[in-house]
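The values are calculated or read from the model by the stated rules, or taken from the named source; none is laboratory data. Quick caveat: nothing in here was measured; it's all calculated off a predicted structure. With ideal geometry, Cβ positions are generated from the backbone for all residues, glycine too; neighbour counts draw on all protein chains shown. Accessible surface is based on the protein model in full, side chains and every heavy atom, while ligands, DNA and RNA are left aside. Shrake-Rupley method; radii C 1.70, N 1.55, O 1.52, S 1.80 Å.
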Amino acid sequence: MAHWIEAEAVPDLLQEGMTVFIAGITAEPAEILQALSECGDKAAGVRFIAVSVPGTNCFDFASLHPQAMTTVFFATPENRKSVAAGKVDFIPLQYRAIYDYLENDLSIDMAIAQLPPINKVATVSHGVSVDFLPAVLDKAKIVVGEMNARQPVAENAPHFPASRLTYAVACDRQVKRVADAPITDTAREIGRHVAELISDGDCIQIGIGAIPAAILSALAEKNDLGFHSGMITGSVMELIQFGNMNGVKKNIDNGKAVTGVTLGDEKLANWAGTTAAVSFRPVNYTHDICTIRNIDNFVSINSALEIDLFGQVNSDMLHGCQVSGTGGAIEMMRAAALSKGGRSIVALKATAERGQVSRIVPRLAATTATTVLRTDVDYVVTEYGARRIRHLPLSARLEALIEIAHPNFRDWLREEWQTPSPATTAGR
């Protein structure tokens, strides 16, 4: 059985040369991280592995000590400077590939995660944040659980024996919150266009933010929707509670909304952790193409920073700087392409920087990596409409994309396409 200690004792467990996995999302061990930040010298020579998601996990492990090492798969507002300066190792991997890397290619000396309390039969639920922890749980030499009395037990989630815990820290704090993004008129217009592509009985995958929230709001007139995604939000909860999203048409996980984590407030966490309608599964299930392709009418909906006239999508870089990560969009899009009746949607605003910059560009810049290949893109949606570019020849594809660009940039896009600038021509 686990040895109970105070959070302040955890830094003393660290040793030079260790590789330490720190769980993210609502499994982020907030009290232990606070203790680590107050004893930064203990982190010298330690490598931290974290799947820190922008807007959710704000801790920069590079700040602990000049000799602390960190591996991440997302750049966040808090660690971007450290990534750009080379103080943090950023590895571009898709979600399922991150899971496989953690499970198969990396030695883990210690795993630290916030978890629900130990139950009466001496097992521990992963709670409302399963995602990557199962990949390292069996291989970690030391497992430290921050046992939060307010974390829902989530019976419909994987459990593991309490004996697997080496150390446990008592915790009683609000489950990590993710604030809802305000929905703008532009986001509502995009949501309306996306909703027109959704049919009753479709199974939805979607992310977080203003545009996803607007899309989900626009689905209030749809029926018998299913849900299979890496994360669940308050907008999804409302569709389930109102009966629009009941999963009765799903041929896999019938009647269940499948997710890896909750991203919302405490109300969402408590509901998702107690309702029979939600099943929590790790990334090797939520993002497994072989599984998802067998879900009929699977619709993948993802956002982007920009798309060029070839159809190449950039979702994680700005001005040559890493601002996010590849995430799981590609896996979902490819699974949708293989699903019977499936399709994928890239939804984005037509402009950025208060209308001064077009998000539909002639070509991605040479300093920008392609997140999604032109061969993977199906539908593209902006506030100016929706176009399906899959199977279109290049000439028709670029015209379709120009049609949904902001009117102020349509002539510019045609001119730039005809006379490409060497500075914007990438060797792709």
Residues of segment 92-127 being under 23 Å from Gly230 (Cα atoms) and open to solvent by 50 Å² or more (accessible area, probe 1.4 Å), which ones? Pro92, Gln94, Arg96, Tyr101, Glu103, Asn104, Asp105
Residues located in segment 383-409, provided they are over 22 Å from Ala187 (Cβ atoms) and either open to solvent by 30 Å² or more (accessible area, probe 1.4 Å) or of a type in the set (S, T, N, Q) (or both): Arg390, His391, Leu392, Pro393, Leu394, Ser395, Ala396, Glu399
Residue identified as open to solvent by less than 40 Å² (accessible area, probe 1.4 Å) and either touching a residue at least 12 places away in the same chain (Cβ under 8 Å) or among the small types (Gly, Ala, Ser) (or both) among Ala62, Ala84: Ala62
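Could you check segment 258-271 and list, in sequence order, the residues that are touching a Gly at 6+ places or on another chain (Cβ under 6 Å) and not in a loop (DSSP other than H, G, I, E, B)?
The answer is Leu268, and nothing else.
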Taking the criterion of being surrounded by 18 or more Cβ atoms within 10 Å (Cβ to Cβ), of a type outside the set (Gly, Ala, Ser) and in contact (Cβ under 8 Å) with a residue 12 or more places away in the chain, would at least one residue in segment 334-341 satisfy it? yes
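Quick grid of which residues meet (1) touching a helix residue (DSSP H, G or I) at 6+ places or on another chain (Cβ under 8 Å); (2) over 23 Å from Ala304 (Cα atoms); (3) modelled with pLDDT of 95 or more:
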residue: Arg164; (1), (2), (3): yes, yes, yes
residue: Ala168; (1), (2), (3): no, yes, yes
residue: Arg173; (1), (2), (3): yes, yes, no
residue: Gly191; (1), (2), (3): yes, no, yes
residue: Leu239; (1), (2), (3): yes, yes, yes
residue: Val258; (1), (2), (3): yes, yes, yes
Name the pairs: first residue in segment 167-185 and touching a residue at least 12 places away in the same chain (Cβ under 8 Å), second residue open to solvent by 90 Å² or more (accessible area, probe 1.4 Å) and part of a loop (DSSP other than H, G, I, E, B), Cβ to Cβ under 6 Å, at least 6 apart or on different chains? Val175/Arg150
Please state which of the following conditions Val377 fails to meet, knowing it meets all the rest: (1) closer than 18 Å to Ser229 by Cβ; (2) out of contact with any His (no Cβ under 6 Å at 6 or more places or on another chain). (1)
Among the candidates Thr274, Thr291, single out the residue that is of a type in the set (S, T, N, Q), open to solvent by 10 Å² or more (accessible area, probe 1.4 Å) and not in a helix (DSSP H, G or I). Thr274
Cβ contacts < 6 Å: first residue in a loop (DSSP other than H, G, I, E, B), restricted to segment 223-239; second residue open to solvent by less than 10 Å² (accessible area, probe 1.4 Å) and at pLDDT below 95, any location; separation 6+ or different chain. Result? Thr233/Leu263; Thr233/Gly264
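Return yes or no: is Arg414 in contact with a Leu (Cβ under 8 Å, 6 or more places away or on another chain), surrounded by 12 or more Cβ atoms within 10 Å (Cβ to Cβ) and either modelled with pLDDT of 95 or more or over 22 Å from Thr186 (Cα atoms) (or both)?
No: the conditions fail for Arg414.
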Does Glu353 meet the test of being within 24 Å of Ala210 (Cα to Cα), of a type in the set (D, E, K, R) and surrounded by fewer than 17 Cβ atoms within 10 Å (Cβ to Cβ)? yes
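If I filter segment 103-149 down to residues being assigned to a helix (DSSP H, G or I) and in contact (Cβ under 8 Å) with a residue 12 or more places away in the chain, which single residue comes out as nearest to Leu268 (Cα to Cα)?
Leu133
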If we ask which residues in segment 238-264 are open to solvent by 60 Å² or more (accessible area, probe 1.4 Å) and either acidic (Asp, Glu) or within 16 Å of His228 (Cα to Cα) (or both), their number turns out to be 6
Can you find a residue in segment 27-47 that is of a type in the set (S, T, N, Q), farther than 27 Å from Ala97 by Cβ and part of a helix (DSSP H, G or I)? yes
